[in-house]
Protein chains: 4
Amino acid sequence: MALTHSTELRVRYAETDRMGIVYYANYLVWCEVGRVEFMRALGGSYADLEAQGYGLAVAEATVRYLAPARFDDSVRVETTLVGVRSRAVIFEYVISNADTGTRLATAHTALVSIDRTGRPTALPAAFRELLEGPR
Amino acid sequence: MALTHSTELRVRYAETDRMGIVYYANYLVWCEVGRVEFMRALGGSYADLEAQGYGLAVAEATVRYLAPARFDDSVRVETTLVGVRSRAVIFEYVISNADTGTRLATAHTALVSIDRTGRPTALPAAFRELLEGPR
Amino acid sequence: MALTHSTELRVRYAETDRMGIVYYANYLVWCEVGRVEFMRALGGSYADLEAQGYGLAVAEATVRYLAPARFDDSVRVETTLVGVRSRAVIFEYVISNADTGTRLATAHTALVSIDRTGRPTALPAAFRELLEGPR
Amino acid sequence: MALTHSTELRVRYAETDRMGIVYYANYLVWCEVGRVEFMRALGGSYADLEAQGYGLAVAEATVRYLAPARFDDSVRVETTLVGVRSRAVIFEYVISNADTGTRLATAHTALVSIDRTGRPTALPAAFRELLEGPR
């Protein structure tokens, strides 16, 4: 079962570039917003995970840009958890214009669970169970 | 023949996050610096290309994160042109610590040539020849 | 009569730095969010103003930092219009933690009305009246 | 005696916005680059100061925007130390186009010395002496 969470945001002027559209790196910021809200919706909190001494470091990120986002657009970020392993979590994202439904980008990130020193470590069992959801 | 250009930059405090390392989206900014300097080294200028009414829009970007970059590190960005077609340019990047040589990340971007209205269009011949280099 | 509008946002990981708190330049991004939402609440839209060929360029900005904002905090931005002239608009901002009420920062920006070429020009009368509000 | 240090940087595409010029918050990033290079030129290092358990938190920042910076411009940041006290350091900045000399902005930041917990504390004596320079 794949869990998907949807969140919306408004494009900031700061996020645009002189091409008149959103600068390409900023889609990765929106993916961060998407997965943080995904965890919150499940009852977890990425801030709490860090408070317990864990972190999720990005190991790989891919974005495919399909159509430009522009200043003041309402953007929807749909985040899907596509895999959880002992030390890794994989999310996929569909980013679209919330008013028109136009798909703007798709993205994929692989995150690795680390401890305070930055070494890979197993996710806390409770957090992993939360992500894996009901079976 | 693959052309590679190397440029260096210093990690800014603004580029770090509370994990104490560089935030993952910022590597894409460094890729931008790498390809702009690549074009300048060939005798072209991305600013001039835009002044002529063309642009290069990113169609796809992938980053693999290998080791963290930290505040004040000297970072080397090696940019390689791996493909030029009529309407597309593909670059690969190796990002490393300039002092230790540690590889921090590798990246790949596919760019599409567009006109002022954002439609795909063929690159100006002179610019394409510049990128394709001597044969 | 001073008009004030309040909007809220959630601190992004991207906005923090390795001190563990929000990087100082990002408060100016939040001020942008505050004034864009201020205009929208009045029935105007900064995007529409630009579509008409006008812009508001920042001429001066000051921020006083009182307490740190942290990742995942809910932040309230209260934006007050403190002056409208033919070619200038002045906003003040109070940025606080939305849960605790702790004041995080105050800010002030002076914006100048410009045309498409970047030259100072009078604001469109309708927009100025909108900002000046009911009397 | 006022100490001034000059450093240069190239405007990144990421730093522009859809007005075609550099987004106003990014000038504060350049001020950070200016003061970090100022300290390095004196033989200190902000990274080392943090490694010793100290930090400099910005208490106040002001920028006056005089002319726009654009993509690919060479920008000079001249940083002047205008005051050092036990717990505070004040810098002023003149930001100009390195090719034309056009003054783009002036800025002022007041920084407060803090310890690892974020409390104000006296600067290490050696660092303060370094900043105060030869007499």
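Observations, loosely collected:
- The distance from the alpha carbon centre of segment B:48-84 to that of segment D:76-94 is 34 Å, rounded to a whole number.
- Per-residue ellipticity at 222 nm computed for the protein assembly as shown from its helices equals -6500 deg cm²/dmol, with DSSP H segments shorter than 4 residues left out and the rest contributing -39,500 (n - 2.57).
- Normalised contact order of chain B, rounded percent, pairs of Cα under 8 Å and 6 or more residues apart: 29
- Compactness ratio for chain A: Cα radius of gyration over 2.2 N^0.38 Å (N = residue count) comes to 1.09.
- Derived scalar couplings ³J(HN,Hα) [segment C:37-46; Karplus, 6.51 cos²θ - 1.76 cosθ + 1.60; whole Hz; x for Gly, Pro]: 5, 4, 5, 4, 5, 7, x, x, 8, 5
- Placing unit charges on the Cβ atoms of the charged side chains and taking the dipole of chain B about its Cα centre, the candidate lying farthest along the positive direction among B:S45, B:P68, B:G118 is B:G118.
- Once both labels are positioned 7 Å from their Cα atoms along Cα-to-Cβ, the gap between A:A125 and B:A67 label points is 3.5 nm.
- Placing +1 on the Cβ of every Lys and Arg and -1 on the Cβ of every Asp and Glu, with no other charges, gives chain B a dipole of roughly 260 debye about its Cα centre.
- Overall form of segment A:22-64 per C-alpha gyration tensor (a/c, 1.5; a/b vs b/c): prolate
- Neighbouring Cβ atoms from other chains, within 10 Å of the Cβ of residues in C:25-34, number 6 on average.
- Using a probe radius of 1.4 angstrom, the carbon and sulfur fraction of the accessible surface of the protein assembly as shown is 47%.
- Cα gyration tensor category, rounded, prolate or oblate, for the protein assembly as shown with a/c compared to 1.5: rounded
- Relative contact order computed over segment C:1-81 (Cα-Cα under 8 Å; 6+ residues apart), in percent: 60
- Inter-chain neighbour count for B:7-14: the average number of beta-carbon atoms from partner chains within 10 Å of each residue's beta-carbon is 6.
- Among D:30-41, B:36-47, A:111-122, the order from most to least packed when residues are scored by Cβ within 10 Å on average: D:30-41, B:36-47, A:111-122
- Estimated from the Cβ-Cβ distance and a Förster radius of 22 angstrom, the FRET efficiency linking A:D48 and A:I90 is about 0.55.
- Hz values of 3J(HN,Hα) by residue in segment C:114-121 - Karplus curve (6.51, -1.76, 1.60), Gly and Pro given as x: 10, 9, 4, 8, x, 7, x, 8
- Largest-first ordering by accessible area, 1.4 Å probe, given options D:Y24, D:Y65: D:Y65, D:Y24
- Most mobile listed residue (D:L81, D:L66, D:L104) in chain D, GNM with C-alpha springs under 10 Å: D:L66
- Computed across segment B:42-88, the Kirkwood hydrodynamic radius from all distinct Cα-Cα pairs reaches 14.3 Å.
- Inter-label distance, nm, simple model (7 Å from Cα along the C-beta direction), B:V82/B:A41: 1.7
- Distances between equivalent label points of D:E129 across the copies, with each point positioned 7 Å along Cα→Cβ, amount to 5.9, 6.4, 6.9 nm, shortest listed first.
- Along segment A:92-100 the Karplus relation, 6.51 cos²θ - 1.76 cosθ + 1.60 evaluated at θ = phi - 60°, assigns HN-Hα couplings of 10, 9, 10, 10, 9, 6, 5, 8, 9 Hz to successive residues, with x for each Gly and Pro.
- When DSSP beta bridges are restricted to pairs lying wholly in chain B, around 100% turn out antiparallel.
- Computed over chain B with a Gaussian network model linking Cα atoms closer than 10 Å, the most mobile of B:V29, B:V11, B:V89 is B:V29.
- Label distances, nm, A:T102 versus same residue in remaining copies, Cβ-directed 7 Å point: 3.3, 4.2, 4.3
- Where N is the number of residues in segment C:62-135, Cα Rg divided by 2.2 N^0.38 Å: 1.39
The values are calculated or read from the model by the stated rules, or taken from the named source; none is laboratory data. Just so it is clear, the structure is predicted and the values come from calculations on it, not from any experiment. For neighbour counting, all protein chains shown are included, and Cβ atoms are generated from backbone atoms with ideal geometry for every residue, glycine included. Areas reflect the complete protein model, heavy atoms only, side chains present, ligands, DNA and RNA absent. Shrake-Rupley method; radii C 1.70, N 1.55, O 1.52, S 1.80 Å.
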